[in-house]
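Data block below; observations after.
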Amino acid sequence: AHPAVRRPPARVLRGRALLGLGNSLEAEKSFNEALALDDDNRMARWGIAASQAARGRIQVAGKLLDGLIRESPDFVYARMTRGQIALRDGQLEEAAVQFEAGLSALAGRTDRVLESQLLGGLIEAKLALGDLESGAALVERLQRIVPRTLAARFFAAKLSFLRGEFDLASNQLETILNVQPENVQTLMLYGSASLAKQDYAQAESVFTQIVSRYPDNLSARRLLAIAQTRLGESTAAVETLAPLLEGGVATDSGLSVLAGQALMMSGSSEQAVALLEEALEQEPGNAEIGLNLASAYLSIGRPGDATALAERLPDNVDNFQKELILALGYAALQQAEAADRQITAIVERDPGDVQALTLAGDFYLRNRSTARAVEFFERALAIDGSYLPALAGLARTYARAGRMDEAAEQYVAILAIHEDNV
């Protein structure tokens with residue numbers, strides 16, 4: 001080899017190139033060769049730490065990087081890699097500190113690549129912390145430095161998503177996907193925006209694409225199952241979630257609830273109950289699991305178990321769902337006064353809530369109290385005369401009461417507002 005290739009800087013450059021190509025073992029070898037020629041070469045020491053981090057040896061890498069930072073607090077590469085490790089481990093505050101220190105050390109130097117990398121890491125940390133104001137300022141700074149890069153476009157889209165501007169986020173993400181149609185990070189956010197917009201068919205298409213290529217992407221599987229559940233494709237949702245269930249038990253509470261809902265919809269009620277019971281046994285204080293299990297008990301004809309479980313749940317859980325479960329459970333147990341108290345509590349909390357009034361109407365219709373059902377549906381429609389669930393509920397109530405002419409008139413009125421309603 002040419003003598004220049006054997007010098008430490010050349011060995012470091014070779015190591016960095018290998019690291020960029022994903023060959024961390026050969027990269028570390030090259031960095032060690034540089035360090036053997038110059039035991040004080042900071043870039044070689046950083047390269048060894050970065051190579052260790054690339055192979056998942058985070059503790060070793062962290063110690064090496066911490067040593068470099070103690071010796072040279074302004075060593076930008078060490079700060080950046082330390083921040084990336086913290087970000088990967090969910091240590092968002094620590095990540096932000098490291099990226100900010102790196103940017104401060106970089107002040108006065110012209111290195112757009114390094115600056116954009118530090119900014120990208122800092123933006124991720126700030127957005128994950130919910131600091132959208134700082135995130136927006138940093139995104140603008142990144143766009144000034146590297147305006148046409150996909151990273152700048154992605155972070156702008158992510159900021160729009162977190163602000164609830166889902167249509168804008170989707171449009172921004174589509175410009176990225178036109179260039180990189182298989183970019184997983186962009187597809188994940190695009191699918192999430194579709195879910196947020198309730199465009200479940202689009203979300204299903206996007207997450208199916210990801211899962212077919214990366215079957216082990218657990219986040220994509222979970223989001224795909226949500227989209228399938230919303231579309232009523234419960235059997236498909238159960239199949240999607242199957243790899244996430246270990247021995248029939250979900251690995252976390254959110255997954256337990258999602259899998260339980262999908263199983264209930266697919267008709268596997270007993271399996272859903274067993275899964276939710278196991279999940280509640282593991283997390284006895286988890287109110288979300290408790291509410292879903294109580295609902296499952298109701299659906300399989302166990303109102304006593306449903307009400308007993310709901311009564312044990314603390315008052316700081318979703319009172320609306322808890323009170324509804326209790327109302328339906330008491331009604332099934334022929335405890336009419338107790339059921340009525342629960343429905344009254346739901347309505348009295350917000351007498352102007354159209355959804356709550358309609359729910360009360362549905363409850364009384366289900367329990368054959370047509371006069372009360374008419375009362376609540378009419379109260380709902382007095383607030384929002386085009387609210388379809390209340391309109392349809394009133395029509396069903398008229399039919400149940402034998403008032404067929406009025407029921408027919410009600411359906412005609414519905415079609416005048418919702419002309420395409422099948």
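Going by what's in this entry, would Asp315 be described as of a type in the set (Asp, Glu), closer than 19 Å to Asp384 by Cβ and open to solvent by 20 Å² or more (accessible area, probe 1.4 Å)? Here the answer is no, as Asp315 does not meet what is asked.
Have a look at Gly130, Gly164 and point out the one that is over 21 Å from Glu94 (Cβ atoms), part of a loop (DSSP other than H, G, I, E, B) and of a type outside the set (Val, Ile, Thr). Sole residue among the options that is over 21 Å from Glu94 (Cβ atoms), part of a loop (DSSP other than H, G, I, E, B) and of a type outside the set (Val, Ile, Thr): Gly164. Look through Tyr398, Tyr364 and report the one residue that is in contact with a helix residue (DSSP H, G or I) (Cβ under 7 Å, 6 or more places away or on another chain) and at pLDDT 90 or above. Just a single option satisfies the conditions, and that option is Tyr398. Cβ-Cβ distances below 9 Å connect the following pairs, each with a first residue in region 399-422 that is open to solvent by 90 Å² or more (accessible area, probe 1.4 Å), a second residue that is not in a helix (DSSP H, G or I), and a separation of six or more residues or different chains: Arg400/Arg368. Taken together, Leu333, Leu359, Leu388, Leu394 contain a single residue that is under 27 Å from Gly301 (Cα atoms), open to solvent by 40 Å² or more (accessible area, probe 1.4 Å) and touching a residue at least 12 places away in the same chain (Cβ under 8 Å), which is Leu333. Here Glu33 meets the list (1) more than 24 Å from Leu106 (Cβ to Cβ); (2) of a type outside the set (Ser, Thr, Tyr); (3) without any contact (Cβ under 8 Å) to a residue 24 or more places away in the chain; (4) surrounded by 19 or more Cβ atoms within 10 Å (Cβ to Cβ) almost entirely, failing just condition (4). Taking region 318-330 as the range and being open to solvent by less than 70 Å² (accessible area, probe 1.4 Å) and of a type in the set (D, E, K, R) as the test, the residues that pass are Lys322, Glu323. Restricting to region 150-184, name every residue that is open to solvent by 50 Å² or more (accessible area, probe 1.4 Å), polar (S, T, N, Q) and touching a Ser or Thr at 6+ places or on another chain (Cβ under 8 Å). Within region 150-184, Gln180 is the sole residue that qualifies. Those residues that are open to solvent by 60 Å² or more (accessible area, probe 1.4 Å) and either under 20 Å from Pro73 (Cα atoms) or among the aliphatic types (A, V, I, L, M) (or both), I need them from region 46-59; list them, please. Ala54, Gln59 - these are the residues of region 46-59 that are open to solvent by 60 Å² or more (accessible area, probe 1.4 Å) and either under 20 Å from Pro73 (Cα atoms) or among the aliphatic types (A, V, I, L, M) (or both). Selection within region 64-123: residues that are hydroxyl-bearing (Ser, Thr, Tyr) and in a loop (DSSP other than H, G, I, E, B). The member of this set that is surrounded by the fewest Cβ atoms within 10 Å (Cβ to Cβ) is Thr110. What is the number of the single condition among (1) open to solvent by less than 60 Å² (accessible area, probe 1.4 Å); (2) at pLDDT 85 or above that Ala345 does not meet? Unmet for Ala345, out of (1) open to solvent by less than 60 Å² (accessible area, probe 1.4 Å); (2) at pLDDT 85 or above: (2).
For every residue, the table says whether it meets (1) free of Cβ contacts under 8 Å to residues at least 12 places away in the same chain; (2) touching a Cys at 6+ places or on another chain (Cβ under 7 Å); (3) not in a helix (DSSP H, G or I).
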residue: Phe155; (1), (2), (3): no, no, no
residue: Glu174; (1), (2), (3): no, no, no
residue: Gln185; (1), (2), (3): no, no, no
residue: Val211; (1), (2), (3): no, no, no
residue: Pro215; (1), (2), (3): no, no, yes
residue: Leu224; (1), (2), (3): no, no, no
residue: Glu239; (1), (2), (3): yes, no, no
residue: Ala242; (1), (2), (3): yes, no, no
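For region 388-417, residues that are in contact with a Ser or Thr (Cβ under 8 Å, 6 or more places away or on another chain) and not in a helix (DSSP H, G or I) total 1. Can we say Ala203 is touching a Ser or Thr at 6+ places or on another chain (Cβ under 8 Å), under 30 Å from Tyr297 (Cβ atoms) and either of a type in the set (A, V, I, L, M, F, W, C) or part of a helix (DSSP H, G or I) (or both)? Against the criterion (touching a Ser or Thr at 6+ places or on another chain (Cβ under 8 Å), under 30 Å from Tyr297 (Cβ atoms) and either of a type in the set (A, V, I, L, M, F, W, C) or part of a helix (DSSP H, G or I) (or both)), Ala203 does not qualify. Residue count for region 272-307 satisfying the condition of being closer than 21 Å to Leu224 by Cα and either open to solvent by 20 Å² or more (accessible area, probe 1.4 Å) or among the β-branched types (Val, Ile, Thr) (or both): 3.
For region 243-255, a residue qualifies if it is modelled with pLDDT of 80 or more and either crowded, with 16+ Cβ neighbours inside 10 Å or more than 19 Å from the chain's Cα centre (by Cα) (or both), and exactly one does: Leu255. In the set Ala54, Ala61, only one residue is without any contact (Cβ under 8 Å) to a residue 60 or more places away in the chain, over 19 Å from Val97 (Cα atoms) and among the small types (Gly, Ala, Ser); that residue is Ala54.
The values are calculated or read from the model by the stated rules, or taken from the named source; none is laboratory data. Note that the coordinates shown come from a computational prediction; the quantities given were computed from them, not determined experimentally. Ideal geometry is used to build each Cβ from the backbone, glycine not excepted, and the neighbour counts take in all protein chains shown. When the accessible area is computed, the model is the full protein with side chains, heavy atoms only, and any ligands, DNA or RNA have been set aside. Shrake-Rupley method; radii C 1.70, N 1.55, O 1.52, S 1.80 Å.
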